[in-house]
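In what follows, a single structure is set out as C-alpha cells and then discussed.
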Amino acid sequence: MQKRASPSQQNERERAVDTYLDKLRIEPVRMTELVRVQFDSADPRLAARVAQAHAKAYIESTLEAAR
C-alpha cells in the first residue's frame with residue numbers, strides 16, 4: 001500500500017513541476033512538421049540534455065503509437 005503525499009508535499013511537487021514547465025518551450029517550426037524544443041538553464045549541458053530527453057521521448061511515443 002502506497003502512502004499518499006501530504007498537502008504540503010503535493011504543493012511542493014506542483015511548484016517544482018510549474019517551475020520546470022516555465023523553463024520548457026516547445027514550439028512548431030512554421031511550414032514544417034518539426035518542433036523546436038528548448039529548456040532554459042544556466043547550465044548549457046543540462047539545458048541540452050533536458051531538451052534532448054523531451055525530443056527523444058516524443059519520438060519514441062510517436063513510433064510506439066504507430067505500431
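What follows draws every value from the coordinates through simple rules; no lab data is involved. Bear in mind that the values here come from a model prediction, so they are computed numbers and not experimental data. All Cβ positions, even for glycine, are placed from backbone atoms using ideal geometry, and neighbour counts span all protein chains on display.
Under a crude label model (7 Å from the Cα following the beta-carbon direction), how far is residue 35 from residue 49 in nanometres?
Label-label distance for residue 35 and residue 49, simple model: 2.2 nm.
Please compute the length gained on full extension between residue 5 and residue 60, using 0.36 nm multiplied by the number of residues separating them and subtracting their Cα-Cα distance. Intermediate values should be presented prior to the final figure.
Working: separation 55, 0.36 × 55 = 19.80 nm, distance 3.05 nm.
Answer, rounded to one decimal: 16.8 nm.
Can you work out the base-10 log of I(q)/I(0) for the chain at q = 0.15, 0.27, 0.28 1/Å, using the Debye formula on its C-alpha atoms alone?
-0.69, -1.11, -1.14
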